[in-house]
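Reviewing the structure listed below.
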Amino acid sequence: MSGQCARYKRSFETRFLLLNEHFERLLRCLDLEAAAESDAVAGMSRRLTGSAAELSGCSLVGLAIRDETTGFGGRVVVTLGKRDRRLELPWTRLNAGTPVIVSEETAAADEVWRGIVTQRNRATITVALAESPEPVADRPTFRLDLSSDEISRQRQRDALRKAMAAERGPLAVLKHCLLGEESPVFGTPKAWTRLSALDDSQRDAVTHALAAESVAIIHGPPGTGKTTTVVELIRQAVRRGERVLACAPSNLAVDNLLERLLAGGERVIRLGHPARVLPELREHTLDVLVETHSDLKLAREWTSEAWSLRRQASKYKRTAPPPGERRNLRAEAKQLLDDARRLESRLVAHLLDSATVVCATLTGLNAELLGDRVFDLVVIDEAAQATEPTCWIPLLRARRLVLAGDHCQLPPTVLSHAARKENFHVSLMERLHGLCGAAISRRLTKQYRMHEQIMQFSSDEFYESSLIAADAVRQHRLADLPHVTPCPLTQAALKFYDTAGSSCDEQAETEGSSRENPGEAAFVAQHVAALLAAGVAAAEIAVITPYAAQARRLRELISNEAVEIDTVDGFQGREKEAVVISLVRSNPQGELGFLTDTRRMNVALTRARRSLTVFGDSSTLANHEFYVRLLEYFENQEAYGTVWELDEAAT
């Protein structure tokens, strides 16, 4: 072997090992995360009982079936509430789309039923099951527990292994680009005609993404119209004759894309369990489209006839049947079942091929369903919230990739400390942005949500002061709403209420590991009452906090069900006219816990449209530079006060 060939071989082997090392790390982190998740679910729910289980947020106990119906392709839909109808459901992590296990509390048997939460309100929770629960007790009570989703994790493992092995084709090209071996290439931008109103930064982002030969990033800070931009990109790609796969980590984000694409007149189909899709969009899911298609009726008739023939072949008769009759009946039944399956498969293929855009969650892509289909463009929205392995599932089918999101907001949730040490919480989008910077990314800069005062701190702190408030929102306030009474409370866009010196001390909850601050919660409830009294609609108000225990306490103090109360993580991607934040932490040691995650605070501070109010202890917050700057900002905006001023603000 010549020296040149030997050097090439060593270089190839080195590159191969480096590529493998990246995927091996991700596979290792997946296993670490699976173990951590299993321990968390077991430790916080199955091993706990009663109120302790519910405080974990992973369980609901003492439930009775309120209603049972059929729906979603023959699935059973069960509505449960507390046995004592006077009781509301406590705060819980079991939201729409969450996989759960239903079990009978008093039964000795280990029989459980797996399902998906379809909706929840303060009194009831609805779950879609494959079969109806069959309790043992006369007046049974049931328990719901968070369930892990091993199917999605296996899909991630399979995707990583396929990506690791790819040596040619679109996947290999993308792999080398995404791992920094090759620089992203952009062609000459082609002219295109806007299908919706876009500002300059949005138009530039679409042009940039359309010119990408392999991968591009759309960076969308809060309120900058990222979804509008992503939908425009998808529609432009369709106009060019491309087939598009549009994905996101959460069902809600996928539904948001689906709704906007349907409004634009696109031929879109939604993959995934119908129970995880918003009710008004379920008719566009593949399951429902197949179930309601006229061709399926024939397939069902063939299936029914096949089972009838099988029963006939197995039926005992006093006289022996003619030779070969049973065999012929079984053969005929098998043929009917095969024909029914082929008809259903052709129907699925027809529906998928007739759509120009397919929408799905990252882990909701079923390889058996999609076959060998490859898409000209794969778009991943909210990409900064997804762990990297989930992104490789749609990447197996991509010729080009566009990632959209904001790595300055909450990163993917990772439970395993060991996996975090190996940077498992760093999303593909964040890693790629760090690798390529401005060459691959375009930032949206005009924001359409927040009053300028609410926006500015986040703009300065996270986005190099690049955000500009649109004229329509720059100075809008609660007092501008026709049903709101003008007063100091509704005319101010920004306020910080300092609880220092007011005996608002944090405490650990009685059971569980979260924290609460009863005194601060009482002040927050007083402020919300003042907003309601000034005419602000309850549905226009949100109260958010980093701590689940504080969210539970606030729900006890604020009786109006229309006021939304949630953790910061649960409110990402949402917005309200008025947002009240309870920071909770108040201790002599200056410990801040969750608050040290400044990206979490970026989410909290950018949910409000017209009014942002923050409650916190300045003496505790001042132990972190980020909060020192935040307090200085409130002071500079003449928006700093103490909780003793609450009564004055409302008059």
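The values are calculated or read from the model by the stated rules, or taken from the named source; none is laboratory data. None of these values were measured; they are calculated from a predicted model. Here the Cβ positions follow ideal geometry from the backbone for every residue, glycine too, while neighbour counts run over all protein chains shown. The area values use the complete protein model at the heavy-atom level, side chains included, leaving out ligands, DNA and RNA. Shrake-Rupley method; radii C 1.70, N 1.55, O 1.52, S 1.80 Å.
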Pseudo-spin-label distance Ser559 to Glu591, built 7 Å along Cα→Cβ, given in nm, is 3.6 nm
Within the range 154-169, the residues whose backbone N lies under 15 Å from a label point placed 7 Å from the Cα of Val185 along the Cα-to-Cβ direction are 169
One point scatterer per Cα, no solvent, Debye formula: log10 I(q)/I(0) for the range 354-426 at q = 0.23 Å⁻¹ comes out as -1.07
Its Cα gyration tensor gives the range 515-572 an equivalent ellipsoid whose semi-axes in whole Å, largest first, are 18, 13, 8
Of the accessible area of the chain, computed with a 1.4 Å probe and all protein chains kept, carbon and sulfur make up a percent value of 49 percent
Helix 251-263: inclination vs the chain longest Cα principal axis, degrees, rounded to 10, gives 80 degrees
With x for Gly and Pro, the residue-by-residue ³J(HN,Hα) of the range 139-145, computed from phi through the Karplus equation 6.51 cos²θ - 1.76 cosθ + 1.60 at θ = phi - 60° and given in whole Hz, is 10, x, 10, 10, 10, 10, 10
Inter-part gap, Cα centre of the range 586-651 to Cα centre of the range 436-461, in whole angstrom, is 21 Å
Counting only protein heavy atoms and rolling a 1.4 Å probe, one gets per residue an accessible area for the range 474-528 in Å² of 42 Å²
Between Asp31 and Glu509, the FRET efficiency computed from the C-beta separation at R0 = 25 Å comes out, to the nearest 0.05, as 0.20
Rounded to two decimals, the Rg over Rh value of the range 510-651 from Cα coordinates and the Kirkwood Rh reads 0.93
For the chain (alpha-carbon point model, no solvent) the Debye-based log₁₀ I(q)/I(0) at q = 0.05, 0.07, 0.08 Å⁻¹ works out to -0.27, -0.53, -0.69
A correct Karplus calculation of ³J(HN,Hα) over the range 196-210, with 6.51 cos²θ - 1.76 cosθ + 1.60, θ = phi - 60°, whole Hz and x for Gly and Pro, returns 8, 6, 10, 8, 4, 5, 5, 5, 5, 5, 5, 4, 4, 5, 5
Expected vector for the range 376-383, Karplus 3J(HN,Hα) from phi with 6.51, -1.76, 1.60 and θ = phi - 60°, integer Hz, x for Gly and Pro, equals 5, 9, 10, 10, 10, 8, 6, 5
With R₀ set to 45 angstrom, the calculated FRET efficiency between the beta-carbons of Arg122 and Ser345, to the nearest 0.05, is 0.55
Percent antiparallel among DSSP beta bridges confined to the chain, nearest 5, equals 40 percent
With Cα coordinates, the longest principal axis of the chain makes an angle with the long axis of helix 3-41, in degrees rounded to 10, of 80 degrees
Filtered hits (aspartates and glutamates, Cα-Cα < 13 Å from Lys446, offset >= 8 within chain) -> Asp199, Asp200, Asp204, Asp471
Given a 1.4 Å probe, the accessible area of the range 115-193 per residue, as a whole number of Å², is 52 Å²
Extension length gain for Arg327 and Arg203 (0.36 nm per residue less Cα distance), in nm, is 38.0 nm
Quick calc: nm separation of the 7 Å Cα→Cβ label points for Ala538 and Asp471 -> 3.8 nm
Longest principal axis of the chain (C-alpha) makes with the long axis of helix 452-462 (C-alpha) an angle, in degrees to the nearest 10, of 70 degrees
